[in-house]
Amino acid sequence: MISTVESLQSNNTLTRKLAEHGALLFRDLPIHSAEDFSKFGHAFGSKPYEVVGTVIDRPEIAPNVVPANEAPKEVLIYNHGESP
């Protein structure tokens, strides 16, 4: 799966399809862990973002994969746009 994505993205096939259709749907991938998801995401060749200045604890569970929120329910998170 990873080599297929890397091959398609090496000549921007996936980027062109995304621009043409507005979305890409991937089904039945053998993704069973955060590590698998990280490898899949990195196969596209995009530069990962850096999180700066967030008020909640989001520990990295695989390269560039973090949970949505690990803060206790008592921590108030005001309306916000996604920091990254």
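Each row is one residue, and each column tells you yes or no for (1) charged (D, E, K, R); (2) surrounded by 11 or more Cβ atoms within 10 Å (Cβ to Cβ); (3) closer than 19 Å to Gln9 by Cα.
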| site | (1), (2), (3) |
| --- | --- |
| Ala23 | no, no, yes |
| Ala34 | no, yes, no |
| Lys39 | yes, yes, yes |
| Glu50 | yes, no, no |
| Ile56 | no, yes, no |
| Pro59 | no, no, no |
| Ala68 | no, no, no |
| Ala71 | no, yes, no |
| Ile77 | no, no, no |
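Anything in region 9-22 that is under 18 Å from the mean Cα position of the chain (by Cα) and free of Cβ contacts under 8 Å to residues at least 24 places away in the same chain? List them, or say none.
Kept after step one, since they are under 18 Å from the mean Cα position of the chain (by Cα), are these residues of region 9-22: 9, 14-15, 18, 22.
The answer is Thr15, Leu18, Gly22.
Part of a helix (DSSP H, G or I) and either acidic (Asp, Glu) or at pLDDT 90 or above (or both): which single residue out of Glu35, Glu50 fits that description? Can you show your working first?
Working: Glu50 fails: part of a helix (DSSP H, G or I).
Glu35 is the lone residue from the list that is part of a helix (DSSP H, G or I) and either acidic (Asp, Glu) or at pLDDT 90 or above (or both).
The values are calculated or read from the model by the stated rules, or taken from the named source; none is laboratory data. What you see is a predicted model; the values in this text were computed from it and never measured. Positions of Cβ are generated from backbone atoms using ideal geometry, with glycine treated the same way; all protein chains shown enter the neighbour counts.
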